[in-house]
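Enquirer: A single structure is presented below for examination.
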Amino acid sequence: MQALLIIANPNPGSFAHAMAAAATAVLQRPGIDIVTHDLYAEGFNPVQPVGEFGNTRSDDPLIEAHCAHLAAADLILVFHPNWWSQPPAIMKGWIDRVVRLGTAYRYPEGVGAAGSPQGLLKARAALVFNTSNTPPEREAAIFGDPLEGIWKKSVFALCGVTRVERRMFGPIAASTPEQRRMWLDEVGRLTSDALAHAG
Ligand SMILES: Cc1cc2nc3c(=O)[nH]c(=O)nc-3n(C[C@H](O)[C@H](O)[C@H](O)COP(=O)(O)O)c2cc1C
């Protein structure tokens, strides 16, 4: 069983990193192979260069490694802050370049891109952990929580991942150590639950 963790936060002391550490602690069990990509730490290039048009292969070995890890994953865990109601650009570039045609989805034979995409991912479960500084009521009422649709519908459902749990913890800026401890416990519980549905 392979678990893939993607972290997109430029601050190693962020709550996103603390959540990734909490999930990793749960995943450290016999039989689980953990693959972690900290996108800022590894200098992931989110910009699709000229020549990658078509989105099915890359000259960048790091992109090919990411695609191989994504295809092999049984459980996918994503950690990033809410930036302007969207993923940080580096995370968006990961989606653009890694969650790609032929790796994560395909078009029906004989119909091509005019048809509806079909999911190719082996993973049956995904967890998305976000942080923000907006109270949840304001996020829902004013902004409509765009990250919910991006991850659940546009990315994971399209790619065939059927069980997607997402939490957005916050406001981080006003949180107490006790609250953060409870949130990290919830990350651990959700990670443990997801293991039962992965693969
Ligand atoms: C460029 C940028 C854009 C941001 N946009 C939002 C936003 O739209 N909504 C929000 O609630 N917080 C926003 N924030 C605040 C971050 O979400 C917050 O700093 C982060 O979630 C804190 O968690 P962390 O410790 O994991 O970094 C933004 C921060 C930055 C740097």
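Enquirer: Please give the number of the condition Asp38 fails out of (1) within 16 Å of the ligand (Cβ to nearest atom); (2) at pLDDT below 95.
Expert: The failed condition is (2).
Enquirer: Can you say whether Asn9 is within 26 Å of Ser175 (Cβ to Cβ), of a type in the set (S, T, N, Q) and in a loop (DSSP other than H, G, I, E, B), as far as the supplied structure shows?
Expert: It is true that Asn9 is within 26 Å of Ser175 (Cβ to Cβ), of a type in the set (S, T, N, Q) and in a loop (DSSP other than H, G, I, E, B).
Enquirer: Can you name the residue in the range 85-97 that is surrounded by fewer than 22 Cβ atoms within 10 Å (Cβ to Cβ) and within 14 Å of Val155 (Cα to Cα) and, of all such residues, is nearest to the ligand (Cβ to nearest atom)?
Expert: Gln86
Enquirer: Just to be sure I understand the filter: pairs with C-beta atoms under 8 Å, separated by 6 or more residues or on different chains, first member in the range 105-118 and surrounded by 15 or more Cβ atoms within 10 Å (Cβ to Cβ), second member of a type in the set (Lys, Arg). Which pairs pass?
Expert: Pro117/Arg106
Enquirer: How about the range 111-163: which of its residues are within 25 Å of Trp83 (Cα to Cα), of a type in the set (Lys, Arg) and more than 15 Å from the ligand (Cβ to nearest atom)?
Expert: Lys152, Lys153, Arg163
Enquirer: Assess whether Ala123 counts as being under 27 Å from Leu4 (Cβ atoms) and not acidic (Asp, Glu).
Expert: Against the criterion (under 27 Å from Leu4 (Cβ atoms) and not acidic (Asp, Glu)), Ala123 qualifies.
Enquirer: State all residues of the range 179-199 that are of a type in the set (Gly, Ala, Ser), in contact with a Lys or Arg (Cβ under 8 Å, 6 or more places away or on another chain) and at pLDDT 95 or above; if no residue qualifies, say none.
Expert: If the condition is that a residue be of a type in the set (Gly, Ala, Ser), in contact with a Lys or Arg (Cβ under 8 Å, 6 or more places away or on another chain) and at pLDDT 95 or above, then Ala194 is the only one that fits.
Enquirer: Could you give every pair whose Cβ atoms fall below 7 Å, whose first residue belongs to the range 17-30 and is in contact (Cβ under 8 Å) with a residue 40 or more places away in the chain, and whose second residue is assigned to a loop (DSSP other than H, G, I, E, B), counting only separations of at least 6 or pairs across chains?
Expert: His17/Asn9
Enquirer: Restricting to the range 5-21, count the residues that are near the ligand (Cβ under 8 Å from one of its atoms) and not aromatic (Phe, Trp, Tyr).
Expert: Of the residues in the range 5-21, 8 are near the ligand (Cβ under 8 Å from one of its atoms) and not aromatic (Phe, Trp, Tyr).
Enquirer: In the range 23-42, how many are of a type in the set (A, V, I, L, M, F, W, C), part of a helix (DSSP H, G or I) and either surrounded by fewer than 22 Cβ atoms within 10 Å (Cβ to Cβ) or at positive phi (or both)?
Expert: Selection size over the range 23-42: 3.
Enquirer: Restricting attention to the range 166-184, report how many residues are more than 11 Å from the ligand (Cβ to nearest atom), surrounded by 17 or more Cβ atoms within 10 Å (Cβ to Cβ) and either in contact (Cβ under 8 Å) with a residue 40 or more places away in the chain or outside any strand (DSSP E or B) (or both).
Expert: 1
Enquirer: Please state which one of Arg100, Arg57, Arg106 is modelled with pLDDT under 95 and more than 16 Å from the ligand (Cβ to nearest atom).
Expert: So the residue among Arg100, Arg57, Arg106 that is modelled with pLDDT under 95 and more than 16 Å from the ligand (Cβ to nearest atom) is Arg57.
Enquirer: Please specify each residue of the range 43-61 satisfying the condition of being within 21 Å of the chain's Cα centre (by Cα), part of a loop (DSSP other than H, G, I, E, B) and exposed (fewer than 13 other Cβ atoms within 10 Å of the Cβ).
Expert: Gly43, Val47, Thr56
The values are calculated or read from the model by the stated rules, or taken from the named source; none is laboratory data. Small disclaimer: the values here were computed from a predicted structure and weren't measured. As a convention, Cβ positions derive from the backbone with ideal geometry for all residues, glycine included, and neighbour counts pool all protein chains shown.
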